[in-house]
């Protein structure tokens, strides 16, 4: 179903609100909305984009993590992209995540990274869950036991060198 002008306007409004919140949080270090409100808006935007794929935009807040690196710091590229943690507010969402995890494990049974696991561990992986705690995400690299690089998540591909 094609998006109405009302839906298009709401998508644009959500993107604007989320971009403002991202800039305030990641660049200016001054959050302007509660995490639960941000998550609610992001979920609404993701739902609308899923219902109306013609509104997809690679620059959408649903397609990126973090924010632009901050000026004043040297920018570094992450060796492995730093993705965002997701959160959930319901048991149903948690169960759906577990089902996706189980399917992913089964699809990758021949992956060398899983070779050391026995059959039971593949069927019933041990999981630990913690409350999500807000803070800064860092990528730390040590060389010969010494800290060589500390970089913020930034946009997930590049971050600030805060070593």
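A short reminder: the numbers here are calculations on the coordinates, not readings from a lab. Quick caveat: nothing in here was measured; it's all calculated off a predicted structure. For neighbour counting, all protein chains shown are included, and Cβ atoms are generated from backbone atoms with ideal geometry for every residue, glycine included.
Using all Cα-Cα distances in the chain, what percent lands in each 5 angstrom bin from 0 up to the longest? With a bin width of 5 Å, the distribution comes to 1, 7, 13, 14, 15, 17, 14, 11, 5, 2, 0, 0. Its DSSP H runs of at least 4 residues, each contributing -39,500 (n - 2.57), put the calculated 222 nm mean residue ellipticity of the chain at -11500 deg cm²/dmol, to the nearest 500.
From least to most packed, judged by other beta carbons within 10 angstrom and beginning with the fewest, 132, 6 follow the order 6, 132.
Please arrange 88, 4 by counting, for each residue, the other beta carbons lying within 10 Å of its beta carbon, fewest first.
4, 88
Between residue 12 and residue 46, full extension at 0.36 nm per residue minus the direct alpha carbon distance yields a gain of 11.0 nm. Checking the a/c ratio against 1.5 first, then a/b against b/c, what shape does the Cα gyration tensor give for the stretch 90-139? Oblate, because a/c is 1.5 or more while a/b does not exceed b/c. Residues 57, 86, 39, arranged from fewest to most other Cβ atoms within 10 angstrom of their Cβ, appear as 86, 57, 39.
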